[in-house]
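In what follows, a structure is listed as structure tokens, so that the remarks can point back to it.
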Amino acid sequence: MRFKPCRILVVDDGEANRQLLSVVLKRAGATVEQASNGQEAVDIIALRNFDVVLMDMQMPIMDGYTAAAQV
């Protein structure tokens, strides 16, 4: 499967999860950035646009529910 060019932000407090998703998405043609918590995601989204954000909902510092409500 190949994606049209797109930018995806992967947000998860588990490094192994972020790495696995990033490898799969990059092989499918996406440009991928990563964040390890909701606050990092909010900060990154304020600076750059993404076509898709894949976010874990239970994370330290700021959970995915709160982050999604802020962007």
Helix 15-27 axis, angle to the chain major axis (alpha carbon atoms, nearest 10°): 30 degrees
Using a Förster distance of 35 Å, the FRET efficiency for Gln19-Ala69 (Cβ separation, nearest 0.05): 0.80
Within the accessible area of the chain (1.4 Å probe), percent carbon and sulfur: 54 percent
Glu33, Glu40, Glu15, reordered so the largest accessible area comes first (probe 1.4 Å): Glu15, Glu40, Glu33
Value of [θ]222 nm, deg cm²/dmol, for the chain, DSSP H segments ≥ 4, -39500 (n - 2.57) each, nearest 500: -12500 deg cm²/dmol
Fraction of the pair-distance distribution of the chain above 20 Å, Cα-Cα pairs, percent: 25 percent
Degrees, to the nearest 10: 38-47 long Cα axis against longest axis of the chain: 60 degrees
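The values are calculated or read from the model by the stated rules, or taken from the named source; none is laboratory data. All values reported here derive from a predicted model rather than from experimental measurement. Cβ atoms come from the backbone with ideal geometry, glycine included; neighbour counts cover every protein chain shown. Accessible surface is based on the protein model in full, side chains and every heavy atom, while ligands, DNA and RNA are left aside. Shrake-Rupley method; radii C 1.70, N 1.55, O 1.52, S 1.80 Å.
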